[in-house]
1. Restricting to Cα pairs below 8 Å that are 6+ residues apart, what does the relative contact order work out to for the chain? Please round to a whole percent.
2. Let me check I've understood the local charge: for Val137, count other residues with C-beta under 12 angstrom from its C-beta, Lys and Arg +1, Asp and Glu -1. What total comes out?
3. Which value at 222 nm does the chain reach when only helices count, each DSSP H run of 4 or more adding -39,500 (n - 2.57), with the total divided by all residues and rounded to the nearest 500 deg cm²/dmol?
4. Quick check: residue separation of Glu235 and Ser303 times 0.36 nm, minus the Cα distance between them. What number comes out in nm?
5. Leaving out ligands and nucleic acids, note down the accessible area per residue over the chain with a 1.4 angstrom probe, in whole Å².
6. For segment 49-111, what relative contact order do you get, as a whole percent, if you take Cα pairs closer than 8 Å and at least 6 residues apart?
7. Counting other C-beta atoms within 10 Å, and keeping those with at most 14, which DSSP coil GluC sites (Glu not before Pro) do you find in segment 217-299?
8. What percentage of the solvent-accessible surface of the chain, computed with a 1.4 Å probe over protein heavy atoms, is contributed by carbon and sulfur atoms?
Amino acid sequence: MWRTKFLVVTFIGLLGIVAVVVSLVTWNGDGHGYPVRPVTVVVPFPAGGPSDVVARVVTEQMGNILGQSLVIENVGGGGGTIGSARVAAAHPDGYTLLAGSMGSHVSAPVLTPNLKYDSERDFVPIGFTAQSPAVIVARNDFPAKDLREFVDYLKKNGDSVKQAHGGIGASSHMACLLFTARADVKPASVAYRGTAPALNDLIGGHVDFFCEQVVSVAPQIAAGAIKAYAISSRERLPTLPGVPTAKEDGLDYQMSIWAGIFAPKGTPNAIVDKLVAALDKALDDPGVAAKLAELGGSIPPKSERTPAQFGRFVKAEIDRWSPILKAANVAQK
């Protein structure tokens, strides 16, 4: 009897040792066996928004490549800062990642007091996931027939025109800031808690217009639920061939709304390398590219998808947008 008990205890003890060894191997940074369990990918915005949609398309394929599920967890609030702060403070073992964006990494450092993370120092860039131009859309019965008439209408009617956005610092807020600055117009700004409620009110005619990435609104444009005036890309999109670029109508309005994946600072290089390789392979998948293209998004070229290049791009975006955001923040106070 005692021998049986001894063998059972010994067996359980050996299992415990094996588990510890597996854990240490992963943590020590050689990446052997990673990932041995599902990986949480925090989207710091509500479900159904552009960041969420893009993250789900890309991480599903990454999970197939890595042999483990990448589980999306929506942690909204604070313009993307709550979820981002959680990832910045997470154990850097490769099992908690961030689906970051312009809101979490570019606008938050300027617009959020006492931010609990540094978007440049507290994360390791894994790479781009997708980018999408912004599109200027209005309620479907808005009187202007094209962008020139739309801008003229805004200049004549000023703050009687209601401009929606998905919250201070959100990509739609940034897109609207750039548009109103380039067009030299000052509409009334109406903030919502995310893209979805803002879009719903636009469709319902409760607000007049909205600037948001194509990924979020292409189906509604195609269905005729809202009216599109212009996109912020250099060329027209195959998804929306009837929508001109802003440049075609004489407005210097160019921007790309981007998203990417980040890991907490201190994540072992070998694990970062595995994630980078999985992301790159996922983005090369024709099915992923097709899904994003249907939404009006695109995948950056391989030369722009490396962690180093992505990191430089994020820094350049911070430098570009900081003056615009600071000026807008001062004006709102």
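1. Working: 634 pairs, mean separation 83.6, N = 333.
Averaging sequence separation for qualifying contacts and normalising by length gives 25 percent for the chain.
2. On the way: positive: Arg139, Lys227; negative: Asp208, Glu212.
With Lys, Arg at +1 and Asp, Glu at -1, the net is 0.
3. Values: 11 runs with 149 residues, N = 333.
For the chain, the value works out to -14500 deg cm²/dmol.
4. Values: separation 68, 0.36 × 68 = 24.48 nm, distance 2.08 nm.
Roughly 22.4 nm would be gained on extension.
5. Numbers: 15270 Å² over 333 residues.
Here the per-residue accessible area is 46 Å².
6. Working: 35 pairs, mean separation 18.4, N = 63.
Result for segment 49-111 is 29 percent.
7. Glu235
8. On the way: 8530 of 15270 Å².
Its accessible area is 56 percent carbon and sulfur atoms.
The values are calculated or read from the model by the stated rules, or taken from the named source; none is laboratory data. Everything numeric in this text was worked out from a predicted model, so none of it was measured. Please note: Cβ atoms are built from the backbone with ideal geometry, for glycine as well, and neighbour counts cover all protein chains shown. The area values use the complete protein model at the heavy-atom level, side chains included, leaving out ligands, DNA and RNA. Shrake-Rupley method; radii C 1.70, N 1.55, O 1.52, S 1.80 Å.
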